[in-house]
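Undergrad: Sending over a structure as structure tokens; questions will come in a sec.
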Amino acid sequence: QVQLVESGGGLVQAGGSLRLSCAASGFTFSRLAMGWFRQAPGKEREFVSTISWSGNTYYADFVKGRFTISRDNAKNMVYLQMNSLKPEDTAVYYCAAKMTPSPTPTRYEYDYWGQGTQVTVSS
């Protein structure tokens, strides 16, 4: 069955960095778009970044220049490198898989989700 397992979250001071990883299994990873979303307490889940099967990337405005999404199709992995973290980046971060190649920021178009990993940025 399809599984997405995130890791790499934790507590970091403002200005610090974290690298999230998502291990995917149960589907043809190399041909699908992958995304990262986040959800802070009391807020809607929001788009962070997405990457096409060929490596085209897209970002939410609030992470441009700070976060970098990447993928390793040979390892069925997608990553989110987060630099210059801010307290407002505190949230549960989710990896998502879309069963078609084209990336999108729309969460409802993603078919599978991981369990999430907590990122906490202290001021």
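The values are calculated or read from the model by the stated rules, or taken from the named source; none is laboratory data. These numbers come from a predicted model, not from an experiment. Here the Cβ is made from the backbone with ideal geometry for all residues, glycine too, and neighbour counts use every protein chain on show. Protein only, heavy atoms only, side chains kept; ligands, DNA and RNA dropped before computing areas. Shrake-Rupley method; radii C 1.70, N 1.55, O 1.52, S 1.80 Å.
Undergrad: Would you pick out the residues in the range 64-123 that are small (Gly, Ala, Ser) and closer than 17 Å to Glu44 by Cα?
TA: Matches in the range 64-123: Ala91, Ala96, Gly114, Gly116.
Undergrad: While we're on this one: Among the residues of the range 47-78, how many are polar (S, T, N, Q), open to solvent by 60 Å² or more (accessible area, probe 1.4 Å) and touching a Pro at 6+ places or on another chain (Cβ under 9 Å)?
TA: 2
Undergrad: Could you give me the residue pairs with C-beta distances under 6 Å whose first residue belongs to the range 79-95 and is crowded, with 23+ Cβ neighbours inside 10 Å, whose second residue is part of a strand (DSSP E or B) and acidic (Asp, Glu) wherever it lies, and which are 6+ apart or on separate chains?
TA: Qualifying pairs under 6 Å: Cys95/Glu6.
Undergrad: Next question. Being at pLDDT 95 or above and open to solvent by 60 Å² or more (accessible area, probe 1.4 Å) is the requirement here; does Lys43 meet it?
TA: yes
Undergrad: Now for a different question. Looking for something surrounded by fewer than 16 Cβ atoms within 10 Å (Cβ to Cβ), hydroxyl-bearing (Ser, Thr, Tyr), at pLDDT 95 or above and within 19 Å of Thr117 (Cα to Cα) - is there at least one such residue anywhere in the range 8-24?
TA: yes
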